[in-house]
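Student: Could you have a look at this structure, given as structure tokens, before my questions?
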């Protein structure tokens, strides 16, 4: 894997955004392997495909690329808000690559993968509608808020110019698949509780530690009036899927 971006032969494009898209897509096509199965290359779909940019010819996993000049940050600009919400709730999302690069140096700096089953509506931020004077007046876009994704779903492939071991990446991707939940409302709960667990500094924790987040979870799920039983339910699910261990007497251990 090379970090250099090839800016040659970009045709008649003059828009910076179009050039950036072509150059970063070319880099992925020439350098990226499939993080699911390890196939040495992934293929690019034809242009203007509505859902994904790339696919693995071996396991058929699909990927969409979002790239940004400079630091990746906590938010990435995406397309129409309603379209993104429909994709998530309809389980039509591909996995996402989030790539940051240096335009001046012409290199890839960071690349993370977020598997599709980590996406929930809460991480999609609605932007303000376009002004009435705009060509697409009233159109509402969105931001993908990366920081709301549990750390287990932010799988680093390149970090500050350092390339992660392929076997380690594939292992993390396969481990993350244990958290796949089709129902979006159930998925939201498990992601929220996992985020709470990640905020606890100690490897060992108690049920009481998780109850500390009761008001935060109530705010996120106002329709649910049994927050504590719901927390216990998610802990059992995370235990069954190998993310935590039950030590007895309301005590748990992180084993991610």
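Student: Going by the conditions given, is residue 17 part of a strand (DSSP E or B) and closer than 27 Å to residue 124 by Cβ?
Tutor: no
Student: Evaluate region 45-55: report whether one residue or more is modelled with pLDDT of 95 or more, assigned to a loop (DSSP other than H, G, I, E, B) and more than 22 Å from residue 146 (Cβ to Cβ).
Tutor: No; the residues of region 45-55 include none that is modelled with pLDDT of 95 or more, assigned to a loop (DSSP other than H, G, I, E, B) and more than 22 Å from residue 146 (Cβ to Cβ).
Student: Have a look at 166, 144, 190 and point out the one that is surrounded by 16 or more Cβ atoms within 10 Å (Cβ to Cβ) and assigned by TED's automatic domain parsing to the domain that holds residue 72.
Tutor: So the residue among 166, 144, 190 that is surrounded by 16 or more Cβ atoms within 10 Å (Cβ to Cβ) and assigned by TED's automatic domain parsing to the domain that holds residue 72 is 144.
Student: If you scan region 56-72, which residues turn out to be surrounded by 12 or more Cβ atoms within 10 Å (Cβ to Cβ) and under 22 Å from residue 148 (Cβ atoms)?
Tutor: Scanning region 56-72 gives 63, 64, 65, 66, 67, 68, 72.
Student: Follow-up. Residue by residue through region 83-108, note down the ones that are out of contact with any helix residue (DSSP H, G or I) (no Cβ under 9 Å at 6 or more places or on another chain), under 18 Å from residue 21 (Cα atoms) and without any contact (Cβ under 8 Å) to a residue 60 or more places away in the chain.
Tutor: Scanning region 83-108 gives 100, 102, 104, 105.
Student: In region 84-93, how many are surrounded by 13 or more Cβ atoms within 10 Å (Cβ to Cβ) and more than 24 Å from residue 36 (Cα to Cα)?
Tutor: Selection size over region 84-93: 1.
Student: So residue 155 passes all but one of these: (1) in contact with a helix residue (DSSP H, G or I) (Cβ under 7 Å, 6 or more places away or on another chain); (2) within 27 Å of residue 85 (Cβ to Cβ); (3) in contact (Cβ under 8 Å) with a residue 60 or more places away in the chain; (4) surrounded by fewer than 16 Cβ atoms within 10 Å (Cβ to Cβ). Which condition number does it fail?
Tutor: (4)
Student: Among the listed residues 235, 210, 217, 200, identify the single one that is within 27 Å of residue 110 (Cα to Cα), modelled with pLDDT of 95 or more and surrounded by 16 or more Cβ atoms within 10 Å (Cβ to Cβ).
Tutor: After ruling out the rest, the residue left standing is 200.
Student: I would also like to ask the following. I want to confirm something. Restricting to region 1-21 and keeping residues that are at pLDDT 90 or above and surrounded by 17 or more Cβ atoms within 10 Å (Cβ to Cβ), which single residue is nearest to the chain's Cα centre (by Cα)?
Tutor: Of everything passing the filter in region 1-21, 3 is nearest to the chain's Cα centre (by Cα).
Student: Does residue 163 satisfy the condition of being closer than 17 Å to residue 65 by Cβ and in contact with a strand residue (DSSP E or B) (Cβ under 9 Å, 6 or more places away or on another chain)?
Tutor: So residue 163 does not fit the description; no.
Student: What residue, of 31, 39, is surrounded by 15 or more Cβ atoms within 10 Å (Cβ to Cβ), more than 20 Å from residue 174 (Cβ to Cβ) and modelled with pLDDT of 95 or more?
Tutor: It is 31.
The values are calculated or read from the model by the stated rules, or taken from the named source; none is laboratory data. No experiment lies behind these values; they were computed from the predicted model shown. Counting neighbours? That spans all protein chains shown, and the Cβs are built from the backbone with ideal geometry, glycine included.
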